[in-house]
Each structure stands twice: as C-alpha cells, then as structure tokens.
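Report on one structure; see the data block that follows.
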Amino acid sequence: MKILVMNCGSSSLKYQLIDMENENVLAKGLCERIGIEGSKIKHEGNGKFETEKPMHDHTEAIKMVIDALLDPNHGVIKSIDEVNAVGHRVVHGGEYFSNSVIITEEVKKAIEACNDLAPLHNPPNLMGIYACENLMPGKPQIAVFDTAFHQTMPEKAYLYAIPYELYEKYKIRRYGFHGTSHKYVSDRAAALLGKDKKDLKIVTCHLGNGASVCAVKNGESVDTSMGFTPLEGLIMGTRSGDIDPAVISFLMDKEELKVKDVENILNKKSGVLGLSGVSSDFRDIEGACSEGNKRAEAALQAYYYRVAKYVGEYAAAMNGVDAIVFTAGLGENSADTREAICSYLGYLGVNIDKEKNNCRGKEVNFAAEGSKVDVLVIPTNEELVIARDTKELLDK
Ligand code: ADP
C-alpha cells in the first residue's frame, strides 16, 4: 500500500509518498511560492530535481507533484493508481474531531466551520483536499488533525477564565497543536523504555520554529502549552508565547496601532527574534551569543526558562513525571538547549549524562545512571503518523 501525505500551506505544499509495506519514504518534496511569481517544485525520488514553473493555485501544484511522482527519470511510480490514498494534515479540527477521519462532504463542512479558528491554515488545507479530489477522483482521502490528540484534555485544562457564554458562543477555549508530533514521540518513548504507555507520565517538548510542551498521561494529552491559537505558551522563533493580554490594548494606545498590527508584532516580530534582534533561527542566536551578544544571551535564557517552567507545571498537573522527551529542529539538534533546560529540573530527579546528550537527530535516552526521570531525544515524524492513520482507516 502506498500513501501520499500532503501538508498544504497558503503558498507552499510539502508531500511524501510512503510505502506502507516497510514505511519507506519513496519520494518527497516541496512546492514553494504557489500563486506567487517564481513558483518551483523541489522533488526527491529517483534522484533529485528542481523545476521553476508557474503554479497559480494548489490544483496546479498538486498536478506538478503527480507529474514528478510519475516522471520517467526521477519518478517512483508508473501510474497514479498505485497510490492507494491521500492523507492530509489539517491544522484545526475544533471540537469536532478527536481522531483522524475519512474525508466526506460532512467532514469538509466541519473543517470549513473551523476556518475562523485557524484562518491561515484551514483554508489552504481545504484547498489541497479539493485539488486532490479534482485530480484523483474517487481516491480515498483522510484528514489528520493537529488538534485531535489534545481533545482528551479535561475541561479544567482547556477552559479560559472568561465568561462561559463566550466559550459556548465562539468556542473560545484552549485546543493545542502539534498533536501528531506529541503523540508520535510519546508513543515512541514508551516503546523505547519498554513500558506500556498506560503506565507513564511523559512531558514532550516539541521545540521547532513553533514550539509547544505537552503533558501526556496514560497515553493521552492532559494539557499542552498552545491554546486557542499557536501563539500561546512557549517563547518561539518569532512568537511571543504567553503574555499579559493587557499589553495589547496598551500597545494599541501608545503606538497608535490596530489590532492586526499588534497581532503581527506578537506572531512575527516577537519571540527570540524580537528579544535578540538577531534572528529567529537558534543557530544564529547561539552564534551571536558565543560572540558576546547580550541580547542574544537574554533571549536564550528566557527561552530555556519558559520551557523549564512548563515542564514543572506539567509534572505538577500529572503528579509526577517518568520521562521528558525533546523533539523538532531545536529539541533534536541542540544539546546546549537540552542541557540548559534540564539544569532547572534537578528537583524532579532529572540528572543527565552530558556525553550521551551530545547527539543530534537520533533516538537517545540521555538520562544519567540513577536519574529518577528518563530524558530522551526522539526525532519526530508527523508524516509517518499521517500515513499510518490513513492506512488504519483504509484497512477498516
Ligand atoms: P518547523 O516548526 O518550521 O517545522 P523545525 O522543527 O524544522 O521547525 O525547527 C527549525 C528550528 O530548529 C530552526 O529555526 C532552528 O532554530 C532550530 N535548529 C535546527 N537545527 C539546529 C541546530 N543544529 N542547532 C540549533 N538549532 C537548530
């Protein structure tokens, strides 16, 4: 069985073709600048190529993807019939979806009903679904939601303390994101530790450009740091994370800004970029830091501190923690980040082996001998989760 995994953004689209017999990636690639001048596809299958060609919309982009998969030189399949189904990443499933689903007319309506909750993400996700329907009529399509894993959060974790009617009217509550990643790495952690996930309390730290922490108890998300939108929680590359909401009106007043302007500041100009003034990329900031840049140093320290506070919060929420997992760009690659965060966690019984921690992009348990808590690096694989869910739904 071969599954095509699609992750459609507003102007870009990532894809992977996965052979489910052995879970091997047969081909993968990226279409960039869809609907913008200079659109191109980067494809890796039987060798690599890059082609610049206008793609006015997602249908044209997905047509390019299909052509790439079928390409006589670089392709990996002879006919599109070899693809059994398409699995789509969908960012927001609201309160409608706590699991992946086969896409029907009703499902599309529910995804559309969540557009207001994720205006930048759900509309392009839907465009990808419609484009695949047009280009591959009758092919089963499956939606896998970033929010679904967190639908197990109890009310006390997801309610904001605003008038309850506003929750009822607009569904303003905490949803959480990166669910596919938190689920994958927490499941992997249980497997690597040789334990049943039903017996474990795990804190997973997804530290990429966007970042979130999740409390996973008995295999279920019971709390997570992102909320109504992916702006809440940790300090991120360009996002502020938690902030006193009164700052918004204060800024509007002092700087004569509109709501959209402040939103733009909090989403695109804040985080470690805003603090350091250097970059949103941690490699640049770590570099600036080693040259003595004080603001870069302050940005990193604030970042580590915030992650550590959340780990402590979730240890309290679960009444203990058995394992802490680091994943995504920074979590998988930066030993300094992992060490700095763990240095706050001695009171929980966390003790790391610095030599083992000195690793990148592979599964490692770097807890020191005798540490009360296991501490792991686990590279995330959201595409594989999407492909597995797709296969599971097809098999049913
Ligand atoms: P996205 O949220 O875009 O999927 P990633 O998970 O790919 O993000 O993470 C990207 C971030 O990971 C980069 O911005 C960079 O800051 C960080 N990163 C990647 N490799 C390293 C590294 N070797 N050292 C420090 N940071 C890294």
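Since every read-out is calculated from the coordinates, none of them should be taken as a lab result. Worth saying up front: this structure is predicted, and the values here are computed from it rather than measured. Cβ sites come from the backbone with ideal geometry, for glycine too, and all protein chains shown count toward neighbours.
Result for the chain in a Gaussian network model with C-alpha springs under 10 Å: among Pro163, Pro140, Pro154, the largest mean-square fluctuation is at Pro163.
What do you get for GluC sites (Glu not before Pro) in the stretch 129-180 restricted to DSSP loop and a cutoff of at most 13 other Cβ within 10 Å of the site's Cβ?
none
Any chance you could give the angle, 0 to 90 degrees and rounded to 10, that helix 122-135 forms with the longest Cα principal axis of the chain? Relative to the chain, helix 122-135 is tipped by roughly 20 degrees. Calculate how steeply helix 294-318 sits against the longest principal axis of the alpha-carbon atoms of the chain, using the helix alpha-carbon long axis, and give the answer as 0 to 90 degrees to the nearest 10. Approximately 90 degrees, to the nearest 10. Take every pair of alpha-carbon atoms less than 8 Å apart whose residues are at least six positions apart; their mean separation over the length of the chain yields a relative contact order of 13 percent.
Secondary structure note: in the stretch 196-377, about 60% of the DSSP beta bridges are antiparallel. Restrict the search to the stretch 1-93; then list the GluC sites (Glu not before Pro) that DSSP places in a loop and that have at most 11 other Cβ atoms within 10 Å of their Cβ. In loop regions of the stretch 1-93 (DSSP not H, G, I, E or B), the sparsely surrounded GluC sites (Glu not before Pro) are Glu21, Glu37. Note on the chain: Cα-only Rg and Dmax are 21.4, 62 Å.
Using only the alpha-carbon atoms, how far is helix 58-70 inclined from the longest principal axis of the chain? Give it as 0 to 90 degrees, nearest 10. With rounding to tens, the tilt is 70 degrees. Across the stretch 2-145, the mean sequence separation of Cα contacts (distance under 8 Å, 6 or more residues apart), normalised by length, yields a relative contact order of 24 percent.
If you keep only loop residues by DSSP, which trypsin sites (Lys or Arg not before Pro) in the stretch 1-92 have at most 11 other Cβ atoms within 10 Å of their Cβ?
The qualifying sites are Lys78.
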